[in-house]
1. Between segment 147-167 and segment 48-71, what is the separation of their alpha carbon centroids in Å?
2. What's the local net charge at Asn106, with K and R +1, D and E -1, over the other residues with C-beta under 13 Å away?
3. Just the number: Rg to Rh for segment 1-88, Cα atoms, Kirkwood Rh, two decimals.
4. Apply the Debye scattering formula to the chain, with a single equal point scatterer on each alpha-carbon and no solvent, then give log10 I(q)/I(0) at q = 0.06, 0.12 Å⁻¹.
5. Excluding the sites themselves, what is the longest stretch of the chain that contains no chymotrypsin sites (Phe, Trp or Tyr not before Pro) in a DSSP loop with at most 15 other C-beta atoms within 10 Å?
6. Which residues in segment 1-19 have a backbone N closer than 16 Å to a point placed 7 Å from the Cα of Ser320 along the Cα-to-Cβ line?
7. Please go through segment 281-311 and write out the trypsin sites (Lys or Arg not before Pro) that DSSP classes as loop and that have at most 14 other C-beta atoms within 10 Å.
8. So what is the calculated 222 nm ellipticity per residue for the chain, using -39500 (n - 2.57) for each DSSP H run with n of 4 or more, over all residues, to the nearest 500 deg cm²/dmol?
Amino acid sequence: MRPILLQGHERSLTQIKFNRDGDLLFSCSKDHVINVWYTHNGERLGTYDGNNGTVWTVDVDSESLFMVSGAADNTLRLWNVATGKCLYTWEFPTAVKRVAFSEDDNQVVCITEQRMGHQCAIRVFNINRSGDGTKQSKEPAHMFNPIGSKATVCAFTAQPNIIITGHESGKVSLFNVKTGEEINNNERAHSEVVTDLQLSPDKTYCITSSKDKSARIHDTKTLMVIKTFTTETPLNSAALAPNRPYVLLGGGQEAMQVTTTSLRQGKFETRFWHKVFEEEVGRVKGHFGPINTIAVHPKGTYYASGGEDGFVRVHHFDESYFKTELYGDLQIED
């Protein structure tokens, strides 16, 4: 599996994201910069400059026309993907930790941090896609404060106006954005902070990762835990491989928390687990620090990981990856 090393950030990665077509990869980092790359050869297409703090999160719409980013300078920004121009900036009292487009690209959900007397807030903005995108409404269409533990990650579900959220306490919830009502929750989804949440292509289930060293697959309607993958290291990211029954997990003990140096030190791996059997099937080494974010190409032909070391590594899967007997000797009957 040949990796392409993308060197475009001076500090650790916070999130990476493929566009719908999979030909572009967006990466954001603590160096205030957002980069966009061609995925097939790792060439940098351009940068999006303008943030004055860590860019925590980024998402791109299905047409690769607009991109949104959330940053520690307390802004949510809308960008033109092709020109790199910032079209609109929303300002908040605290940092924006997570952003996501809705399925129809007409709405963006964002989570703002709980700080300095301000509660954690979830806001949904209507995106005006007509014209050049600079005429946006300053006020959110919906806004509410989740009661209890603050939200850390979120995404729109397949049901209209319903978002799924992961929280600092380890809870996973469903909220109606119009009313701000918590429709359903699983308080014991994880025992520590939820660090990532990624939906399946059809949005019927999602995977979450947590500092409690586990990743879990949940039904997005009932929030029932379907599968659990338990590792020996705090996890920062979890992704689902389309077309193959694998999940990819990334994490690693943070340097300041390492008390003993083990044999595997300096080897921070992406872990592949079998989605159905809940068994680890392989690891890919490469990063020199914890893996902060993982994304899989929409067609499942390659994946990318972004690390604390400031590198993004794009791995194209070998032929053997697509030829393996997925279920051992078991034959799947139609």
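The values are calculated or read from the model by the stated rules, or taken from the named source; none is laboratory data. Just so it is clear, the model here is predicted, and its values are computed rather than measured. Cβ: placed from backbone, ideal geometry, glycine included. Neighbour counts: every protein chain shown. We work out accessible area using only protein heavy atoms, side chains counted, and drop any ligands, DNA or RNA first. Shrake-Rupley method; radii C 1.70, N 1.55, O 1.52, S 1.80 Å.
1. 19
2. -4
3. That ratio equals 0.94.
4. With one equal scatterer per Cα and no solvent, log10 I(q)/I(0) is -0.19, -0.80.
5. That gives 1-276 as the longest site-free run.
6. Backbone N within reach: 1-3.
7. Passing sites in segment 281-311 are Lys299.
8. Roughly -500 deg cm²/dmol at 222 nm, from the helical runs in the chain.
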